[in-house]
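Taken together, the values in this text are just the output of simple stated rules run on the coordinates, not laboratory data. Source: prediction; values computed, not measured. All Cβ positions, glycine included, derive from the backbone under ideal geometry; neighbour counts span all protein chains shown.
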Amino acid sequence: MYAKVIVDITHTQVDRVFEYRIPQELHIEPGMRVSVPFGKSKETEGIVIGLAQTPEFPPEKIKPILSALEDFCALTQEQIDLACFIKEKYNTTLASALRFMIPAQLRGGKVGAKTQSIVRLAVSGRALCEAKKAMLKQNGEVRFHRQLEVIERLEKEGALPASALNASAVKSLQRKGIVSTGKEEVSRIPFKQPVGKIEDYTLTDTQQKILDTIRTSDQRSFLLHGVTGSGKTEIYIRVIRDALEQGRTALMLVPEISLTPQTYLFLKQRFTEEIAVFHSGLSAGERYDEWMKVKRGQAKIVLGARSAVFAPLENLGVVIIDEEHETSYKADNYPKYTAHEIAKKRCELSGAILILGSATPQVETYYKARQGEMQILKMPQRLFGLSLPTVEVVDLRAELSKGNRSAISGSLYEALDDTLARGKQAMLFLNRRGYSTFVMCRSCGYVVKCDSCDVTMTYHKSQDMLKCHYCGRTKTPEHICPECGKPHLKYFGVGTQQIEEQLRDLFPQARILRMDLDTTGTKDAHLKIFRQFAAHEADILIGTQMITKGLDFEGVTLSAVLAADTMLNIPDYRSAERTFSHITQIAGRAGRKEAGKVILQTYNPEHYAVQYASRHDYDGFYEYEIRMREMAMLPPFSTYVQIQFSGEENGQVVLAVKEFIRRLKTVLLPHKHDIISIRAAEAAIRRIRNMERYNILIHLKNGEDGLIYSIYQVFNQFHYQNVLTGIDINPVNMA
Ligand code: ADP
Ligand code: ZN
């Protein structure tokens, strides 16, 4: 017998099947990982994707498999088929497609104990006071900032993973005997504590009808379009229960489970079966454990973020993609797959049903559903007769002419005042962290930019530092302009830190929490903030997009978008759609137990996205938007292919782009009637981390899948020294 093996090397030159002889004593099946000799290497890992009686290669030249790496099949046949699909669809090697389905810990035999280096204070009481004093200079100024910070954080948190602390500061403190480090087993904090079980709710008529439709329909794909608080989760739970009762398994995807452990707790309360969880916050070891749980059949329900779509579930009965409009379902590294597309393929392969759920489905998803690809299920009302919150659109231009330059309008001030007076909670949303979003010279217009990136630096007041949000580089703030020498550098643009400060001034009695990248550095910080807010230990929660995702706080009666325009101004055909969806999601946070109110601050009150969102009118928005897209030939009526170029040398990258265009034109010339345009331009942010960035954007009419493969061909044959390239279909970021 012979085995067809894919070696675990992701290079286009070895992206094909290699044949190996199976020695008598080995039992080998497709899906098993094996060790094989390959080229100069004595042992290379590979995956058996098929068997053959007779080889295609001369038998005397075929080498034997050395050993099986495990005594079980790491992959099912279905996963092998899925990998082949990924290879074709996203133009990648089979080896890299297969890697999605095997935990990194298994590859290279790195499976190890689940430990992490943990730092603790080694002193307490007087000794601790002494240690802290030693961090100061004679005059009381801080001498060792970072060491002091470590001590203070440990005092507050008890113990912290070394990875969350400044390494050299920890080292110095360890030398002085102030802290100790050791390997300790880490627990997935959000998921450890026991939860009580809850009985199934009695379904409402609407819920029952939808469930009946799913159970009896000939269709296998559904789009559950239900407003926020309409009870979609209950449908998911029943469908999962159905699958389990039929002896099948279930997969539920959420945008990012590490941000919303509530979903897990929720499922946990409802199922006695074990649930495996996959998300970006897990260590490699934890990921491996969860994978094994599924592999062994111990967990028949998988809950996770994007990458969970590859979970090794067998006999899959249902895949649910909740909040299907979220951009986090698209991979941000190459190959840039979409969880939707992978899920759809998996469902086809296993005969599972697919449910996409959202209050604001993507325009492209809704269009496909209307075309008959999916059955649309509607839940237009909130449960228990609760109405959607009233939305007040505040014109920030009028606010300016009234002389209010702060980020909080008169209406918002009053609404906050009223909310606090009634003992209720408010959520305020602003998509910019930091204190001031840019620093500019009032005399000459000079703007402080990052040295490595073509972006303005954000001022962070708590650390009194300018930070680049792209590469993390910092600078100390100055007041003298380096360009004209005048002391006119001023701070502009309001970030979340400044909002927090303004609110503390306006409402000194209010308890305020802020949630953004800066306040959520440590592993369980999110959960802590959520818990505090849920327990009503705070009155106002300010946050970036982190706080918009599917959170359900009973006490919130007011939610506000401080600047609805930040998203409208992005040059992307989906900017209106994203604005609409965003506003709707934020509005959905308010009034989930009693009447709520939403304040929408904007400079474009008449924009249709703002208008339809303020009336909770998805269908109206969709009709308008889809007509616009059709007229302008935008997706779903066309397709964009983006090719990204980057390199350290600007000139070289430009030459590469030119050469690519030349080759592209020769190949595409015979198809020019299927091409709307080909454009090359600098990326919106031309330089990030000292890499010069350019894009080619090919706009194709629909229906010509073959053309995409021709572009893939050009792409695969293109190699340019010191220039990196990547390819993406309908990129999440157009600019
Ligand atoms: P959505 O996901 O559509 O925004 P949820 O599924 O979160 O809405 O439902 C809102 C709330 O209503 C949740 O707290 C949920 O537990 C509760 N709920 C859902 N269905 C029922 C029901 N049939 N009876 C009682 N409570 C329900
Ligand atoms: Zn930078």
Exercise for the section: Tell me what the chain gives for mean residue ellipticity at 222 nm when only DSSP H runs of n ≥ 4 count, each as -39,500 (n - 2.57), the sum divided by the residue total, rounded to 500 deg cm²/dmol. Expected result: -9500 deg cm²/dmol
Handout entry: Rg and Dmax [Cα atoms of the stretch 638-729; Å; Rg one decimal, Dmax integer]
Key = 13.0, 39
Practice task
Among the aspartates and glutamates, select those whose C-alpha is under 12 Å from the C-alpha of Lys295, and discard any that sit fewer than 8 residues away in the same chain.
Solution key: Glu314
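Could you give the dipole magnitude of the chain about its Cα centre, charging the beta-carbon of Lys and Arg +1 and that of Asp and Glu -1, in debye to the nearest 20? Walk me through the intermediate numbers first.
Working: 96 positive and 86 negative charges, 381 e Å.
Magnitude of the dipole: close to 1840 debye.
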Practice task
Provide the packing ranking of 229-239, 535-545, 477-487, i.e. peptides ordered by the mean count of other C-beta atoms within 10 Å per residue, highest first.
Solution key: 229-239, 535-545, 477-487
Problem - Relative contact order [Cα under 8 Å, 6+ residues apart], the stretch 205-381, whole percent - result: 34
Completion exercise
Amide H contacts under 5 Å for Leu354, restricted to residues at least 5 apart in sequence or on another chain and with H modeled in the peptide plane, are Ser221, Phe222, Val319
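For the stretch 114-186, with only Lys/Arg (+1) and Asp/Glu (-1) charged at the beta-carbon, what is the dipole magnitude about the Cα centre, in debye rounded to 20?
Rounded to the nearest 20 debye, it is 240 debye.
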Completion exercise
Highest mean packing first, using Cβ neighbours within 10 angstrom, the peptides 12-24, 89-101 sort as 89-101, 12-24
Fill in the blank from the handout: Computed over all unlike Cα pairs, the Kirkwood hydrodynamic radius of the stretch 114-186 in Å stands at 12.4
Practice task
Measure up Lys87/Lys665; Lys424/Lys593; Lys156/Lys467; Lys209/Lys378; Lys424/Lys597 against 19 Å on the Cα-Cα distance and list the ones that go over.
Solution key: Lys87/Lys665; Lys156/Lys467
Fill in the blank from the handout: In degrees rounded to 10, the 0-90 angle between helix 284-295 Cα long axis and the longest Cα principal axis of the chain is 50
Fill in the blank from the handout: Helix 525-534 sits off the longest principal axis of the Cα atoms of the chain, rounded to the nearest 10 on a 0 to 90 degree scale, by 60
Practice task
Please express the Cα-Cα pair-distance distribution P(r) of the stretch 618-664 as a list of whole percents, one per 10 Å bin, running from 0 to the bin with the greatest distance.
Solution key: 22, 28, 20, 21, 10
Problem - Share antiparallel - DSSP beta bridges, the chain, percent rounded to 5 - result: 55
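Give me the percent of Cα-Cα pairs in the stretch 2-109 that sit more than 25 Å apart, rounded to a whole number.
13
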Handout entry: the stretch 600-649-the stretch 100-173 distance, computed between alpha-carbon centres (Å)
Key = 46
Handout entry: Amide H contacts of Arg432 (H built 1.01 Å from N, under 5 Å, at least 5 apart or other chain)
Key = Thr496
Fill in the blank from the handout: Dipole check, the stretch 638-729, charges on Cβ (K,R +1; D,E -1), about Cα centroid: among Asn722, Gln642, Leu669 the Cα furthest to the positive pole belongs to Leu669
Fill in the blank from the handout: Taking the stretch 264-367, the equivalent ellipsoid from its C-alpha gyration tensor has semi-axes in Å, biggest first, of 23, 16, 14
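Take the Cα pairs of the stretch 205-381, get the Kirkwood Rh, then feed it into Stokes-Einstein at 10 °C and 1.306 mPa s and tell me D in µm²/s.
On the way: Rh = 16.2 Å.
Reported coefficient: 98 µm²/s.
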Handout entry: Ranked by how many other beta carbons lie within 10 Å on average, peptides 675-682, 641-648, 374-381 from highest
Key = 641-648, 374-381, 675-682
Handout entry: 10 Å-binned pair-distance histogram of the stretch 16-65 (Cα, whole percent)
Key = 23, 63, 14
Completion exercise
Among Lys132/Lys176; Lys345/Lys368; Lys89/Lys330; Lys232/Lys330, the pairs whose Cα-Cα distance exceeds 19 Å are Lys232/Lys330
Problem - Size of electric dipole in the stretch 205-381: Cβ of Lys, Arg +1 and of Asp, Glu -1, about Cα centre, debye, nearest 20 - result: 220
Exercise for the section: Determine, at each q value in 0.10, 0.11 (inverse angstroms), the log₁₀ of I(q)/I(0) that the Debye formula gives when each Cα of the chain is one equal point scatterer. Expected result: -1.25, -1.50
Exercise for the section: May I ask which residue of Ala525, Leu386, Val448 lies farthest towards the positive end of the charge dipole of the chain, with charges of +1 (Lys, Arg) and -1 (Asp, Glu) on Cβ and the Cα centre as origin? Expected result: Val448
